[in-house]
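The structure appears right after this line, and notes come after that.
The values are calculated or read from the model by the stated rules, or taken from the named source; none is laboratory data. Nothing here was measured: the structure is a model prediction, and the numbers come from that model. Positions of Cβ are backbone-derived with ideal geometry, glycine not excepted, and every protein chain shown enters the neighbour counts. Calculation scope for accessible area: heavy atoms of the full protein, side chains included, ligands and nucleic acids excluded. Shrake-Rupley method; radii C 1.70, N 1.55, O 1.52, S 1.80 Å.
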Amino acid sequence: MSVASSEPTPEGRLARNSVGIAHIVFFVVAAAAPLTAVVGATPPAFAFGNGAGVPGAFVLAGLLYLLFSMGFTAMSRHIGGAGAFYTYITHGIGKPAGVGGAFMALLTYSAVQIAVYGLLGLFTEGAVAGLGLDLPWWVWSLAFLVIVHFSGQRNIAFSGAILGVCMLAEIIILLLLDVGIVAQGGPEGLSFSSFAPATVFTPALGVTLVFVVGSFIGFEATAIFGEEAEHPEKTIPRATYISVLLIAIFYAFSTWAITQYYGPSNVQEAAAGALDTFYFDAAANVLGGWSALTMNILLITSLFACVLSFHNTLNRYFFALGREGLAHSVLGKVHHIHGSPYVAGILQSAIAAIILAAFAITGQDPFAVVFSYMSALAVLGILGVQVLVSVAIIMFFRKNRLGHGLWRTAVAPVLALIGLIGALVLVTSNLELLAGTSNIVVNSFPYLVVLTGIGGVLFALGIRKSDPARYEALGKVFEE
């Protein structure tokens, strides 16, 4: 870890050498929200998907993102900056596609942030109600928004330290449960049938992947912090691989352990009958009643860490667009002491507050609507952007591999592209399950993502026509 410098930061530049590998890994893993993803997302995967094959599905998703990382990290050595996916798409496919990808990314991360704020408010409302403090969910959501905003205004290392503490706490409680299950064994003994092809590759695998792929959202945070990283040419690739491996291995191990607790032949039925208490029941029986209460509390800190991570991600997207001239230049300003994109943070916190207020005023349910709808939109959006990035990587290295091998610049990116397109098709076809309902709003999400991307393309073409010099400068800020 690094110690943040107190030296003034040059105008238009984020604080250099502010974060090391550990900080960046904290951002990515915290965005994945391990406790929330395992306790909240995997029960429906067990119940409606391939049952005992869920651990194997996490291995498959991990392999997919490792393939994606090979081309991603190779390109990161030549393209850097806070724009991340926007920058990659711009240099690989072209400026209009890059702006389209940026618009899609903003939609995606804004949706994630709103979803998490809704769930955070709901869980906090339930936790403090027993203490006699009965306030509606949106009060707590807005209170956390204020805390997140002021944390994001500080140097990036400050947020990294908070995320590290929260992430370690939630991982420890899950590991205690996992180890406890392994130590006592299960009703059917311990077996690795969850990773057998016959268990994993069932007709319901597609349903499982809908939930599993969503657990990797926040993946690009490694590249977003490249401008602030120590030795980014080494830090970003290492942080990327470490993050993907940590997420995949930890999720696969945790879901394998819970499968052993209920038994491979019974886990699907058990999950279907106790979606909300699937892990809590196991924790209470294996570790004692204290663990279920602790897990409930740590769910709140897990969600807080998640939303803080995405807040910092969004700040840097808005910052990049402001510095590039795609939005008002004031968004490209950085704090003279902390080196943080503080103006971008003010804007995106205000947007989140307005959206949350709109949900509250119209009386929307924080789980069934705010969380479920926004999560479904986010999964669609991130897969769409990742597909574009895979195409960009292939095109970037098409004429010159810049010293990298064929595997990293062509074969792995093509395989990743095929896998991501397949995942996008699966999510789109199972959107009702992911969102928890089917209606005109949910069914419009795929079109909304596409139209958002097209809107970005048209915006870029408009700049090319009205201001050629400004258009020509797009992406130049980040070139090595």
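Observations, loosely collected:
- Label positions at ARG470 and VAL330, each projected 7 Å from the Cα along the C-beta direction, are separated by 1.6 nm.
- Whole-Hz ³J(HN,Hα) from phi, Karplus 6.51 cos²θ - 1.76 cosθ + 1.60, for the stretch 249-258, glycine and proline x: 5, 5, 5, 5, 5, 5, 6, 5, 4, 5
- Near TRP138, once Lys and Arg are set to +1 and Asp and Glu to -1 for all other residues with Cβ below 15 Å from its Cβ, the sum equals -3.
- The residues of the stretch 99-147 present an accessible area of 35 Å² per residue when probed at 1.4 Å with all protein chains retained.
- For the pair ILE297 and ALA358 in one chain, pulling the backbone fully straight at 0.36 nm per residue adds 19.2 nm over the alpha carbon distance.
- Per residue, the accessible area of the stretch 384-423 comes to 47 Å², computed with a 1.4 Å probe over protein heavy atoms only.
- For the chain, the carbon plus sulfur part of the accessible surface works out to 68%, probe radius 1.4 Å.
- Calculated FRET efficiency for the pair ILE172/THR202, C-beta based, R₀ 30 Å, to 0.05: 0.35
- The slack between SER191 and PHE367, meaning 0.36 nm per residue of separation minus the straight C-alpha distance, is 59.8 nm.
- For the stretch 189-196, 3J(HN,Hα) per residue [Karplus equation, 6.51 cos²θ - 1.76 cosθ + 1.60, θ = phi - 60°, Hz, x = Gly/Pro]: x, 9, 9, 10, 5, 5, 9, 6
- When the helices of the chain are scored as -39500 (n - 2.57) per DSSP H run of n ≥ 4 and the total is divided over every residue, the value at 222 nm lands at -23000 deg cm²/dmol.
- When its C-alpha radius of gyration is set against 2.2 N^0.38 Å (N residues), the stretch 81-150 gives a value of 1.62.
- The stretch 273-360, accessible area per residue, ligands and nucleic acids excluded (1.4 Å, Å²): 33
- J(HN,Hα) series, the stretch 313-330, from Karplus relation 6.51 cos²θ - 1.76 cosθ + 1.60, nearest Hz, glycine and proline x: 5, 5, 3, 6, 5, 4, 4, 4, 5, x, 5, 7, x, 8, 9, 4, 4, 5
- Per-residue extension of 0.36 nm, minus the Cα-Cα distance of VAL450 and ILE351, leaves a gain of 33.5 nm for this segment.
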